[in-house]
Structures are given as C-alpha cells and as structure tokens.
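> Take a look at the following structure, please.
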Amino acid sequence: MTTDPQRHWESIYRTTAPTEVSWYQPEARLSLDLIRRIAPDPETPIIDVGGGASTLVDGLLDAGYRALTVLDVAPTAMALAQQRLGERAGLVRWIEGDVLNVAVAPGGYAIWHDRAVFHFLNDLRDRARYVTQVRHAVLPGGHVIVASFGPDGPTHCSGLEVTRYSAEAMHGEFGAGFRLLNSVREEHRTPGGGTQAFVYCLCRVEPEQDFPAQDPNAGNQ
C-alpha cells in the first residue's frame, strides 16, 4: 500500500457499516469448513489475520474453539466485532497492528487464516515480509489458509489496487517451505449483489530443514 494502512481502514470502518463492506460474510462458511477439517481439537491456537469485524470469530467460538486471536490494523473494526460478541469477546485475544511488522509469538499458532489481506500487498518486499511473519508465527506442521481475489476477481477494492492470484501463483509466493494441500474457488456474493471470485489456498508449514533458506530480498536487487 502507498497510503497509511491504519488511517485508510479506520476511515472505511468509521464511515461504512460492517455489513455493507464488499467482503462481508454473514457466515464464513468456507473458512470454517477448512479449519474444522484440519483442526478438530478445540484447543488449537488460531490467528485470524485482518479479522477485524469478520464473523469468522463468531463461528469459531460457536464451534467450541478456545484459543483464538484476531489481528487487525484498524481498532474500530475489532471494536465492532467485540460489541457484536458481547461477553464472549473476552474469550478472544485482540491484537492491533500491521501484519508486516507486528510482534507475533514465535511458533504461537497452529493455524494462520487470512481472507483478503494478502492481495493488498502489491510490493514483492512486502509479500516476503508477510511470508517471514507466517514462518515465524506458525508451528512446523501447522497450516496456513490464505484467500485472495482470483485471476478473474476485482483489480481494486476499497480504493486500493490488489494483486490477483491463481492457486499456483499464490503458492509460488510462499515457496517450498509450504506444501499446498488444497485450493478452493469461492464465488463471493457481496452485500450489493455483485459477485467476486476468491481463491483459497491451504498449505502445511514444513520443517525448516526440509527446504532451502530463502532470501527475502531476492528479486529486489
């Protein structure tokens, strides 16, 4: 992004109802299905990156998960979710920060979920920083679920340019340290009645000794 991320997303959530933003889902069914398949244990530590006002956390709590973290750059977005959850908000850890530089616990999570953050990272260096954060935060053998606009999805969202991905292109950004297990296409119906193509990729984090070290600055010299 060329703009200040927090200022931009704070403006969005202060001027638009959470049920009216284009990415709103009354229920995050596909994400919930993927998570429940790979993590039947309710104690599995899960982080929802860019979760903000998303309803995924509601569904995870309803399903009995008890080790949940929501990370978002916009405190207003998280406040909306907290208000919606009421007392249950206290069961969730809320972290305000930019995913590219926020401090995350090393090996603190078994599942990293991101729906619609990664496609805003148009700079190769930012994407490398993101992957480094994932590698730092997710346990070896853990799983990463990232959803972005598909090749035929929108080119812009909320006034910002996005990078669109096929499953193969998405996996290529993460590299050999992440084994692609599954990919799913979603035709998301927006509150305004439009349709947006999303691609979800499910990867497993491989032990570091199983893949060559990658230079995050590769390709930027």
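> Which of (1) under 17 Å from Leu34 (Cβ atoms); (2) open to solvent by 20 Å² or more (accessible area, probe 1.4 Å) is the odd one out, the single condition Asp114 does not satisfy?
The number of the failed condition is (2).
> Further question on the same structure: Which of the residues that make up the stretch 150-179 are under 17 Å from Arg129 (Cβ atoms) and open to solvent by 40 Å² or more (accessible area, probe 1.4 Å)? So that I can check it myself, show each step before the final result.
Taking the stretch 150-179 first, the residues under 17 Å from Arg129 (Cβ atoms) are 163, 170, 172-175, 177-178.
Of everything in the stretch 150-179, those that are under 17 Å from Arg129 (Cβ atoms) and open to solvent by 40 Å² or more (accessible area, probe 1.4 Å) turn out to be Gly172, Glu173.
> Mind checking which residues of the stretch 78-94 are over 14 Å from Asp62 (Cα atoms), open to solvent by less than 60 Å² (accessible area, probe 1.4 Å) and of a type outside the set (A, V, I, L, M)?
Matches in the stretch 78-94: Trp94 only.
> Restricting to the stretch 1-26, give me the number of residues that are part of a loop (DSSP other than H, G, I, E, B), closer than 14 Å to Gly159 by Cα and open to solvent by 30 Å² or more (accessible area, probe 1.4 Å). Spell out how you get there, then give the answer.
Taking the stretch 1-26 first, the residues part of a loop (DSSP other than H, G, I, E, B) are 1-4, 16-26.
Among the residues that remain, those that are also closer than 14 Å to Gly159 by Cα are: 1-4, 16, 21-23.
Those left that are additionally open to solvent by 30 Å² or more (accessible area, probe 1.4 Å): 1-4, 16, 22-23.
Result for the stretch 1-26: 7.
> Name every residue in the stretch 27-46 that is under 19 Å from Arg185 (Cβ atoms), open to solvent by 40 Å² or more (accessible area, probe 1.4 Å) and not aliphatic (A, V, I, L, M), in order of residue number.
The initial filter retains those residues of the stretch 27-46 that are under 19 Å from Arg185 (Cβ atoms), namely 27-35, 37-38.
Next, only the ones that are open to solvent by 40 Å² or more (accessible area, probe 1.4 Å) stay: 27, 29, 33, 37-38.
Hits for the stretch 27-46 are Glu27, Arg29, Asp33, Arg37.
> OK, next. Name the single residue, out of those in the stretch 47-69 being free of Cβ contacts under 8 Å to residues at least 60 places away in the same chain, more than 22 Å from Thr190 (Cβ to Cβ) and of a type outside the set (D, E, K, R), that is surrounded by the most Cβ atoms within 10 Å (Cβ to Cβ).
Leu60
> Still on this model: Among the residues in the stretch 41-54, are any in a helix (DSSP H, G or I) and either of a type outside the set (S, T, N, Q) or touching a Ser or Thr at 6+ places or on another chain (Cβ under 8 Å) (or both)? Lay out the reasoning, then the answer.
In the first step, residues of the stretch 41-54 are kept if they are in a helix (DSSP H, G or I); the result is none.
The answer is no, given that none of the residues of the stretch 41-54 is in a helix (DSSP H, G or I) and either of a type outside the set (S, T, N, Q) or touching a Ser or Thr at 6+ places or on another chain (Cβ under 8 Å) (or both).
The values are calculated or read from the model by the stated rules, or taken from the named source; none is laboratory data. Model, not experiment: these values are computed from the prediction. With ideal geometry, Cβ positions are generated from the backbone for all residues, glycine too; neighbour counts draw on all protein chains shown. Quick note on the areas: whole protein, heavy atoms, side chains included, nothing else; ligands and nucleic acids left out. Shrake-Rupley method; radii C 1.70, N 1.55, O 1.52, S 1.80 Å.
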